[in-house]
Amino acid sequence: MPRAKTRKAVASTTPLTFDTLIASSSELTDTAASKCAIVMTTRIRLARNLAGHRFPGRASGEQRAEILDICRRTIGATALMQPACDLSISDLSDLQKQILVERHLISRELSASPNGSSVMISNDQTCAVMINEEDHLRIQFLRAGFQLKKAWAAVDAFDTAIEDTLEYAFSPALGYLTACPTNVGTGMRASAMMHLPALVISGHMEKVVRAVNQLGIVVRGQFGEGSEASGSIFQISNQTTLGESEGQIIKRLSSVLSAIVEHELNARALLIEKDAGKLCDKIGRAYGILQNAHLLSSGEAMNLLSLVRLGIDLGAFADTGRALVDRLFIETQPGHIQYGADAAELTPAARDQLRAAHIRRQFATFAAPDFGAIANRGAPQQN
């Protein structure tokens with residue numbers, strides 16, 4: 001995967017093209033600064049619409065074009081977006097759109113939008129603004145680790161800067177008005193991407209999902225609604241936007257996320273206590289396959305990387321390996337493999353071969369596991 005090898009920092013004064021965007025570091029692909037291994041990333045997304053304009057789904061082509069022009073000029077004038085990567089969805093290839101979806105920079109819905117839609121992405125990729133998706137604006141801020149409050153502070157300041165210029169569709173009784181009634185109110189979705197392998201292995205994840213659903217929290221796969229939780233990665237977010245303030249939503253979600261972290265830690269301890277050898281075998285086999293396999297599907301790669309990441313968390317591998325594994329979660333997705341090949345459309349089998357080769361290269365210098373830390377955790381204590 002030749003393009004993924006070259007990871008150049010892009011100067012903050014240089015506008016991003018699609019190619020330089022993919023070659024740049026981001027919160028999603030470089031998670032070394034994360035302070036919480038279980039919570040991989042946190043995200044806050046705001047849905048906003050312009051007063052006096054039809055929602056995108058009801059707007060004509062001319063009206064969508066007018067809204068797009070207004071939003072682009074306003075967002076482009078903010079300090080964070082000077083410069084920015086401004087991509088018209090109609091100008092992107094299917095592969096480029098797939099890659100942006102895999103990086104969580106656009107939604108599947110935006111990738112299928114008609115003319116008059118775009119995404120504006122900040123140079124550091126912490127902020128992405130989708131224009132004319134379901135709503136006029138979908139403003140997203142992303143942070144590595146468990147940083148809901150910091151993400152909220154950033155998106156709130158950015159939203160305020162936009163609102164100083166644009167008049168939002170707002171009701172004193174209902175709050176921000178949105179195309180879908182489930183977003184009315186704050187228009188805010190706060191979410192976290194969580195790595196929960198022990199809950200999955202122990203078969204307790206379904207209980208957790210049922211429990212948090214009763215608290216108004218929804219659990220989805222890595223790529224949102226309708227996606228599978230490959231690699232034991234789950235997206236957990238609030239369901240309710242009406243009747244609560246942004247601070248209340250964040251406080252409630254933070255409490256639920258903290259409880260899930262505790263459940264995952266307990267599940268890891270129980271797995272070690274029950275059979276540390278079996279857990280070490282799972283992790284060791286995953287490491288061996290990733291170092292030597294010549295064919296890997298995206299789902300298999302995700303699950304094997306997940307086990308190695310668990311091994312890192314448990315001390316079998318150095319902490320420095322976590323950022324590499326998190327990057328590979330993205331780089332081994334189908335769109336990224338195709339893009340890295342810089343060739344005609346690959347067959348699934350060809351992608352599996354290139355994926356395995358890329359992982360072998362990355363794991364060539366990945367130190368072998370030392371399972372002493374895990375074994376010691378499971379050993380009986382001497383009186």
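The numbers here are math on the coordinates, done by the rules we state, and not lab data. Remember, it's a predicted structure, so these values are computed and weren't measured experimentally. A quick note on method: Cβ atoms are made from the backbone with ideal geometry, for glycine too, and the neighbour counts reach across all protein chains shown.
Annotations for the structure displayed:
- For percent of Cα pairs over 32 Å apart, computed directly from the structure shown, the correct entry in [x] 36; [y] 44; [z] 28 is [x].
- Only DSSP H runs of four or more residues enter the estimate; each adds -39500 (n - 2.57), and after division by the residues of the chain the mean residue ellipticity at 222 nm equals -14000 deg cm²/dmol.
- Each of Tyr287, Ser298, Ile312 was placed along the dipole of segment 275-375 (beta-carbon charges, centred on the mean Cα), and the one lying farthest toward the positive end is Tyr287.
- Seen against the Cα atoms of the chain and their longest principal axis, helix 246-292 is set at about 40 degrees.
- Computed magnitude of the charge dipole of the chain (debye, nearest 20; Cβ of K, R +1, Cβ of D, E -1): 820
- Segment 99-147 versus segment 314-346: alpha-carbon centroid distance in Å: 21
- The chain - percent relative contact order, Cα under 8 Å, separation 6 or more: 19
- Residues Leu295, Leu105, sorted so that the one with the fewest Cβ neighbours within 10 Å comes first: Leu295, Leu105
- Look at Thr74, Thr20 and count the other Cβ atoms within 10 Å of each Cβ; fewest to most, that gives Thr20, Thr74.
- Dipole moment magnitude, nearest 20 debye, segment 256-312 about Cα centre, only Lys, Arg, Asp, Glu C-beta charged: 120
- Cα-based shape type of segment 128-263, given that a ≥ b ≥ c are square roots of the gyration tensor eigenvalues and the cut on a/c is 1.5: prolate
- Stokes-Einstein D for segment 179-258, Kirkwood Rh over Cα pairs, 25 °C, 0.890 mPa s (µm²/s): 187
- Measuring r between the beta carbons of His294 and Ala375 and using R0 = 25 Å, the FRET efficiency lands at 0.20.
- Charging the Cβ of each Asp and Glu at -1 and of each Lys and Arg at +1, and nothing else, the dipole of segment 275-375 about its Cα centre rounds to 100 debye.
- Taking Cα atoms only, the orientation of helix 348-363 departs from the longest principal axis of the chain by about 70 degrees.
- Rounded if a/c under 1.5, otherwise prolate or oblate - segment 52-94, Cα gyration tensor axes: oblate
- The label-point distance for Glu273 and Gln63, in a model that sets each label 7 Å from Cα toward Cβ, rounds to 6.1 nm.
- Note on the chain: lysine pairs with Cα distance below 26 Å, sequence gap of 8 or more or different chains, count 15.
- Helix 148-163 axis, angle to the chain major axis (alpha carbon atoms, nearest 10°): 20
- Protection proxy ranking, highest mean first, for peptides 57-65, 44-52: 44-52, 57-65, where packing is the per-residue count of other beta-carbon atoms within 10 Å, averaged.
- Cα gyration tensor shape of segment 231-368, rounded if a/c is under 1.5, else prolate or oblate by comparing a/b with b/c: oblate
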